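A.B. asks: Below: one structure in structure tokens.
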Amino acid sequence: MNSKIRFFFLPLAAFVFIGGCVPAASESNTVPKQVEFVAPARDVAPIEVVLGSDPAIFDFGMISMREGIVDQTYSLKNGSDQPRTLQKIQTSCMCTVAEIAGQSYGMHGSGQAGIVIQPGERADMVIRFDPNAHGPDATGPVTREIYLASDDTAYPQTKIRFKGNVIK
């Protein structure tokens with residue numbers, strides 16, 4: 001009985017062992033597939049933001065560390081019948097900078113702006129995100145915010161958010 005079991009299981013074990021090794025050996029000779037990163041189109045129109053409202057979150061999609069800094073323009077509109085002053089502009093992280101009227105605003109510093117937008121007018125603000133700011137291993141999903149404080153007593157703060165997925 002013992003010899004019948006050996007007679008049956010030894011060839012089965014050899015078949016499983018060899019069958020498992022052969023595909024692995026042949027796979028090791030193949031060239032690994034290269035994943036090509038396709039940068040998002042940067043022809044994106046400015047996103048309109050009416051002061052006093054929180055716009056939908058903007059999605060950069062895949063953000064390549066190799067490609068570096070990405071940006072998005074926001075067109076800030078004063079939808080009221082009164083001039084609005086952007087009193088303070090700050091970002092949620094040092095990897096993000098907001099630029100408007102020739103000035104840069106980040107996470108640190110006073111953020112004091114004093115930018116006046118007349119009724120019905122717009123001011124373009126460029127948001128720049130540096131995917132390398134946190135070092136070479138900081139990959140994965142990110143969400144950042146830009147805070148705009150204005151003199152509008154009914155809606156004193158506008159929050160702009162964006163997200164993306166940082167890859168190497």
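Values in this text are rule-based calculations from the coordinates and carry no lab data. Bear in mind that the values here come from a model prediction, so they are computed numbers and not experimental data. Note that we place each Cβ from the backbone using ideal geometry, even for glycine, and neighbour counts take in every protein chain shown.
A.B. asks: Simple spin-label model, 7 Å along Cα-to-Cβ: Thr143 to Gln112 in nm?
C.D. replies: 3.3
A.B. asks: May I pose another question? Which residue, chosen from Tyr74, Ala123, Met62, occupies the Cα position most advanced towards the positive end of the dipole of region 47-167, where the dipole is computed from +1 (Lys, Arg) and -1 (Asp, Glu) charges on Cβ about the Cα centre?
C.D. replies: Going by the charge dipole, the pick is Met62.
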